[in-house]
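**Q** Have a look at this one before I ask anything.
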């Protein structure tokens, strides 16, 4: 049969024995779980045994795409990685979460689909450093000895020159020295400018897998070309005519500040265009002239400079560029370096523990040396490389409560965005996610969830929040449970935000791209139409949202099987403490508030969680799906996973 | 090859592949950048293949970053 939207194949690679096989995509599975993490997680249900060591050969890396990736649908450049991640998620260091990384890319995913594969599932461990070449029918495990040890940029350049031919269309996913040396907060790097797979770099490193190279010539077809084109053009017109678009699109994420705009030397986007959120910056003068980094979050250099008390932005650029080239998560590296430096100042660490380093707050050379110790796993760096819980257990302290500057940690992860600070970046009631803190906490891989962000508008009102909920396809009774005349229930709304975000992921669409540039935020009706036109599988908006919920529950089940419960969806204790912000508009202490600015207590937050689980139809005490919910979603065959935690 | 009706500014290219996607979709019926008549070679080279149709400006309509723009007559 001919596939539309989908490439129609799953590639299985066992690095231990070199066995490579192609499996046809089951269309009934695709209809139920759409694609991307939907299919990826379903593969993990079968392939990944519970309680597998994430760094063992038995762990599985599933790289995935959605049926709209590689087309002209705006924002259709998102790829996915499903695996068991390497960061210990519990104090006893025995639990690790199974989840989804979504990441941008231009060529990697597009070329994977053009080679004929929607998903690539990799297991085993290669006997020597290797990379996987996926080019049409030519799939090969190649010798990586000449790129092993090289940073992500250099290794990428070498591999692209080797494989891209005359067209320049070769895609790459690469780990740096941090992943090779099994640093738990290492990640992959896609097509030079997109970080990809926080906490998964070590999983690849443990498999002796340096990179994946993709190139294909098969083409991605759509079922109804005329209708598909009409829908794409409609959305393009909507975005292009949005008042914010022309003002922001040419600047990537450098749009947010004068310094970032002045240092920007280029922007990079994902395939599908319209929103290029990766900007490249370079120091133009001074001691660090030429220091360069690329990324998607404009506040990072400022965060680094402030948190580590560096003397100028050039130093922040230099440190950030080094973190990127090593393939390290910038957020965890920054927070952990800051934490360890504080602990040294408090006497919890000796100079011997630090490997003889001269610890000087604000000294770039010290920070670079400590970074090197992490990547090479030397002295204190070897313990830091194991993650937050191992580090804190070794020191006998709790980073989530004893960290002076406040680092919110959930499931062993420092959250990228502090929910106390985030509203301070914007005017009250403007531009921030009313569910931000909660969305981070309840997700299997605590993160800066995109659910219910409203970055595209200057003014936002309760009516706008409700309008988005209506556009997501909520029924009247669901809306009545969430909204009153002058308020809304954050916990209940987050349930639908999470489902809608999962729909975007399953399709291969970047919700960020559409959030920034178009209204309404979540156009589920349009997505269902464009999915139907692309694949030939008719689906209603309600069914599409239900598919998102199905995938969300499947991911939760994989974690229930690993022993995760409500206890792990822990509100970070530091969220109940004040935090000081130097931001001029909001100078002084900040604290966690609801949408309307009311300070939240622990009881309020636990109440939000109660309502969230209740709206999900889950067991409120345990925070896990019920059999009844699984039956309602057509996931009965997975019910036994509830018993195996 | 060069095209008189299209101006190139490779420094502005975001490598989003939209030009390649619309070109291949229109002329081959599938999204297939390798079959596109416009080549984007990182870090910053843009060129047209010999198969590129004279007068065609489709790629300029889908470039949102000013890297490939239509040269207006006169």
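**Q** Quick one: if you stick a label point 7 Å off each Cα along the C-beta vector at residue A:128 and residue A:29, how many nm between them?
**A** Label at residue A:128, label at residue A:29, 3.4 nm between them.
**Q** Please average, across the residues of A:470-477, the number of beta carbons from any other chain that are within 10 Å of each residue's own beta carbon, and give a whole number.
**A** On the way: counts 0, 0, 0, 0, 0, 0, 0, 0.
Counting other chains' Cβ atoms within 10 Å and averaging over A:470-477 gives 0.
**Q** Also, I was wondering about something else. Taking the simple approach of a point 7 Å from Cα along Cα-to-Cβ for both residue A:365 and residue A:476, what is their distance in nm?
**A** For residue A:365 paired with residue A:476, the spin-label model returns 7.3 nm.
**Q** Moving on. Using Stokes-Einstein with the Kirkwood hydrodynamic radius over Cα pairs, what translational diffusion coefficient do you get for the stretch B:6-70 at 20 °C and a viscosity of 1.002 mPa s, in µm²/s rounded to a whole number? If you can, show how the numbers build up before the last one.
**A** On the way: Rh = 11.5 Å.
Calculated translational D: 186 µm²/s.
**Q** Using Cα pairs under 8 angstrom and six or more residues apart, how large is the relative contact order of the stretch A:110-186, in percent? Let's see the in-between values first.
**A** Values: 67 pairs, mean separation 18.9, N = 77.
That works out to 25 percent.
**Q** Still on this structure, please answer the following. Taking the Cβ-Cβ separation of residue A:542 and residue A:570 as r and a Förster radius of 30 Å, what is the calculated FRET efficiency to the nearest 0.05? Could the numbers behind the result be given before it?
**A** Details: r = 33 Å, r/R0 = 1.10.
Efficiency at R0 = 30 Å is approximately 0.35.
**Q** For the pair residue A:229/residue A:636, report the inter-label distance in nm, with labels modelled 7 Å from Cα in the Cβ direction.
**A** 4.6 nm
**Q** Counting other beta carbons within 10 Å of each Cβ, put A:153, A:504 in order, fewest first. Intermediate results must be reported in sequence, preceding the final value.
**A** Values: A:153 19, A:504 27.
Ranking A:153, A:504 by Cβ neighbours within 10 Å, fewest first, gives A:153, A:504.
**Q** Assuming R0 = 56 Å, what is the FRET efficiency of residue B:49 and residue A:345, from their Cβ-Cβ distance, to the nearest 0.05?
**A** Working: r = 61 Å, r/R0 = 1.09.
My answer for the efficiency is 0.35.
**Q** Output the Kirkwood hydrodynamic radius of the stretch A:1-104, Cα pairs only, in Å rounded to one decimal. Please report the intermediate quantities before stating the final value.
**A** Working: mean 1/r = 0.0666 Å⁻¹.
Result for the stretch A:1-104, one decimal place: 15.0 Å.
**Q** So what is the relative contact order of chain A, in percent, for Cα pairs below 8 Å that sit 6 or more residues apart?
**A** On the way: 1398 pairs, mean separation 97.7, N = 645.
It comes to 15 percent, rounded to a whole number.
**Q** Right, here's the next one. Once you sort the root eigenvalues of the Cα gyration tensor of the stretch A:264-407 as a ≥ b ≥ c, which label holds: rounded (a/c under 1.5), prolate (a/b larger than b/c) or oblate (the other case)? Before the final figure, lay out each step's value.
**A** On the way: a/c = 2.18, a/b = 1.71, b/c = 1.28.
Prolate.
**Q** Which of B:1, A:112 has the fewest other C-beta atoms within 10 Å, and how do the rest follow up to the most? All intermediate terms of the calculation are to be shown ahead of the outcome.
**A** Values: B:1 10, A:112 30.
Ascending number of Cβ neighbours within 10 Å: B:1, A:112.
**Q** Right, another one. Using a 10 Å cut-off on Cβ to Cβ distances, tally the other chain neighbours for every residue of A:102-112 and report the average as a whole number. Write out the running numbers ahead of the final one.
**A** Working: counts 0, 0, 0, 0, 9, 5, 0, 0, 6, 3, 0.
For peptide A:102-112, the averaged partner shielding equals 2.
**Q** Which whole-number percent gives the relative contact order of the stretch A:9-215, counting Cα pairs below 8 Å spaced six or more residues apart?
**A** Working: 513 pairs, mean separation 46.9, N = 207.
Once divided by the residue count of the stretch A:9-215, the mean separation gives 23 percent.
**Q** Return the FRET efficiency for the residue pair residue A:311, residue A:157: r is the Cβ-Cβ distance, R0 is 35 Å, and the value is rounded to the nearest 0.05. All intermediate terms of the calculation are to be shown ahead of the outcome.
**A** Numbers: r = 32 Å, r/R0 = 0.91.
Computed FRET efficiency for residue A:311 and residue A:157: 0.65.
**Q** Arrange the following residues from fewest to most other Cβ atoms within 10 Å of their Cβ: A:509, A:337.
**A** Ordered by Cβ neighbours within 10 Å, fewest first: A:337, A:509.
**Q** Starting from 0.36 nm per residue, how many nanometres of slack lie between residue A:287 and residue A:610 once their C-alpha separation is accounted for? Could you put the intermediate results ahead of the total?
**A** Numbers: separation 323, 0.36 × 323 = 116.28 nm, distance 5.36 nm.
Stretched fully, the residue A:287-residue A:610 segment lengthens by 110.9 nm.
**Q** Let me ask something else. For a protection proxy built on the mean count of beta-carbon atoms within 10 angstrom, sort A:182-188, A:62-68, A:596-602 highest first, please.
**A** My ranking of the peptides, most packed first, is A:62-68, A:182-188, A:596-602.
**Q** Further, regarding this structure: At 1.002 mPa s and 20 °C, plugging the Kirkwood radius over alpha-carbon pairs of the protein assembly as shown into Stokes-Einstein gives what diffusion coefficient in µm²/s?
**A** Working: Rh = 25.6 Å.
In µm²/s, the coefficient rounds to 84.
**Q** Indicate, rounded to the nearest 5 percent, the antiparallel portion of the DSSP beta bridges found entirely in the protein assembly as shown. Provide the component values of the computation, followed by the final result.
**A** Details: 61 of 72 bridges.
DSSP beta bridges in the protein assembly as shown are roughly 85 percent antiparallel.
**Q** What is the average number of partner chain Cβ atoms found within 10 Å of a Cβ in A:261-272? Working shown, then result.
**A** Details: counts 0, 0, 0, 0, 1, 7, 6, 6, 8, 4, 8, 5.
Mean number of neighbouring Cβ atoms from other chains: 4.
Since every read-out is calculated from the coordinates, none of them should be taken as a lab result. Because the structure is a prediction, the values reported are computed rather than measured. Quick reminder, even Gly has a Cβ in these numbers, built from the backbone with ideal geometry, and neighbours come from all protein chains shown.
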